[in-house]
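Chemist: Below you will find the structure I want to go over with you.
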Amino acid sequence: MTMVHKNFLRALSDGSIEVPMPRAVFDSAEYDRRIARTKERMAERGLDALFVSDPANMNYLTGYDGWSFYVHQGVVVTRDRDEPVWVGRDMDANGARATTTLSEESIRPYSDDHVQSPHDLHPMDFVAAVLADLGVDDARVGLEMDAYYFTAKSYTRLQKNLPEASFEDTTLLVNRVRIKKSDAELDYMREAARISENAMQSGLDVIEEGVPEYEAAEAIYSALIEGTDDYGGDYPSIVPLMPSGDHTGTPHLTWTDREFEDGDPVIIELSGCRHRYHSPLARTTFVGDPPEELSRRADIVVEGMEAALDAVEPGVTCEAVEKAWRDTIAEYGIEKKDRIGYSMGLGYPPDWGEHTASLRPGDETVLEENMTFHTIPGLWFDDFGVELSETFVVTSDGAEPLADFPRRLFTT
């Protein structure tokens, strides 16, 4: 424990510092269940500790929420300790106090000279010291080796500082715990769907000949943050995607200052976000009168989407859902080899996906109630593309799409 941290604890005990109550997104019982399930997975893997650096997994286990993931941070879970331990930059420690219910002993900040240090200091040096203090410096420790914000240098510094530890790749351990949502999580995703509906309509209302693409993006962003009459929106993990014209065959482009022209197809993919929970939605519109071929392809996408949704029920596999789509489009002589969906929900930039189950050939993940997916069976060609998506939850009665928005090709 640093001297700064000790002084802060003394100030808390004598009452000279008053810490505000944390924001309550979920009750403590929700976090207790998540941690218990995570520890069960750790026990199955023979792990003594887990270092979580994925911001979504940090949030899932503790509630921590801050735009601080551009520096190294993480959460340590050990088998014999009730609370996880948050480790992050000193200036972000108050963020941990504001968004989690962790005790002071479980908030371990490192000094700023560890950040982009000219003195050969690295945040993982501090993390190693925390692991040693928790008695797991010679134990089996799980690491998220393929998480966006865990670098190669992070791994080598932990190895250097903890030569007696055995490190295991546990990249998706917490992600797989997250795949089934609680009722409270689903409530936030349904609220995010209301925001998605408003944002989609705002974008469609603006798009017309002569309007710059950025004005449509502005309308969408405004609606994403404005939310509904009852609640506001959070920033989404992915910016609104909006390829237009000849570029609709490329699904992941954003907006430019180009003006929409008569004859432009336009794809909009966006997501409302509520307490970091998403509900993505995609639709295609056309500036002017769409050509017959585009309308025909749009009808095929809608038919294929509805076939895939009809195939969803507990007990079927991800690949069976994709096959319903593939068989439908094959009737029209079309073949598409890409996945058509993935599990998702809680997320931080650059992605709202969970990186676990995918609706694709070969994925034998069995669907269970309260799993959530974004299914996006688009068709992209050299000269144009058609995209349609729904976020759905698996229920005992099949797929429940979270958004209520027409499935069709829109026109201006």
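The values are calculated or read from the model by the stated rules, or taken from the named source; none is laboratory data. Since this is a predicted model, take the numbers as computed values, not measurements. Note that we place each Cβ from the backbone using ideal geometry, even for glycine, and neighbour counts take in every protein chain shown. Heads up: the accessible areas ignore ligands, DNA and RNA and are worked out on the full protein's heavy atoms, side chains in. Shrake-Rupley method; radii C 1.70, N 1.55, O 1.52, S 1.80 Å.
Chemist: Could you state how much accessible area His119 has, in square angstrom rounded to the nearest 10, with a 1.4 Å probe and all protein chains kept in place?
Modeler: For His119, the solvent-accessible surface is approximately 130 Å².
Chemist: Additional query: Net charge around Ile267, counting only other residues with Cβ within less than 13 Å of its Cβ (Lys, Arg = +1; Asp, Glu = -1)?
Modeler: Charge balance in the 13 Å sphere: -3.
Chemist: Taking K and R as +1 and D and E as -1, what net charge do the other residues with C-beta under 12 Å from the C-beta of Tyr188 add up to?
Modeler: Spelling it out: positives minus negatives among the neighbours equals -1.
Chemist: Going from most exposed to least, what order do Asp246, Asp397, Asp351, Asp264 have by accessible area with a 1.4 Å probe?
Modeler: Asp397, Asp246, Asp351, Asp264
Chemist: Here is a further query. Going Cα to Cα from Lys39, which lysines come in below 23 Å? Please leave out same-chain ones fewer than 8 positions away.
Modeler: Cross-link targets: Lys180, Lys181.
Chemist: A follow-up question, please. How much accessible area per residue does the chain have, in Å², with a 1.4 Å probe?
Modeler: Here the per-residue accessible area is 43 Å².
Chemist: Of the options Met58, Val85, Ala308, report the single residue whose Cα projects farthest towards the positive end of the charge dipole of the chain (beta-carbon charges: Lys, Arg +1; Asp, Glu -1).
Modeler: Val85
Chemist: For the range 62-139, what % of the accessible area comes from carbon and sulfur atoms, probe 1.4 Å?
Modeler: 46 percent
Chemist: Excluding ligands and nucleic acids, what accessible area in Å² is computed for Arg296 using a 1.4 Å probe, to the nearest 10?
Modeler: Number for this one is 100 Å².
Chemist: In debye, nearest 20: dipole of the chain around its Cα centre with unit charges on the Cβ of K, R (+) and D, E (-)?
Modeler: Result for the chain is approximately 1660 debye, rounded to the nearest 20.
Chemist: May I pose another question? Along Cα→Cβ, 7 Å out, is where each label goes; now give me the distance between the ones at Asp183 and Glu313 in nm to one decimal.
Modeler: 2.5 nm
Chemist: Of the accessible area of the range 145-254, with the probe set at 1.4 angstrom, what percent is carbon plus sulfur?
Modeler: Result for the range 145-254: 46 percent of the exposed heavy-atom area is carbon or sulfur.
Chemist: Given H placed on each backbone N at 1.01 Å, which residues far from Gly227 in sequence or on other chains put an amide H within less than 5 Å of it?
Modeler: Gly233
Chemist: Expressed as a rounded percentage, what relative contact order does the chain have, with Cα pairs under 8 Å and six or more residues apart?
Modeler: 13 percent
Chemist: Right, next: Arrange the peptides 52-58, 142-148, 321-327 so that the one whose residues have, on average, the most other Cβ atoms within 10 Å appears first.
Modeler: 52-58, 321-327, 142-148
Chemist: Counting only residues 5 or more places away or on other chains, whose amide H sits under 5 Å from the amide H of Ala399 once H atoms are built in the peptide plane?
Modeler: Residues meeting the criterion, in which the H sits 1.01 Å from N, are Val312.
Chemist: Kindly sort His275, His247, His252 by accessible area of their heavy atoms, largest first, with the probe set to 1.4 Å.
Modeler: The most accessible residue leads, giving His252, His247, His275.
Chemist: Now for a separate question. Label points 7 Å out from Cα along the Cβ direction at Asp229 and Asp397: separation in nm?
Modeler: About 2.6 nm separates the two model spin labels.
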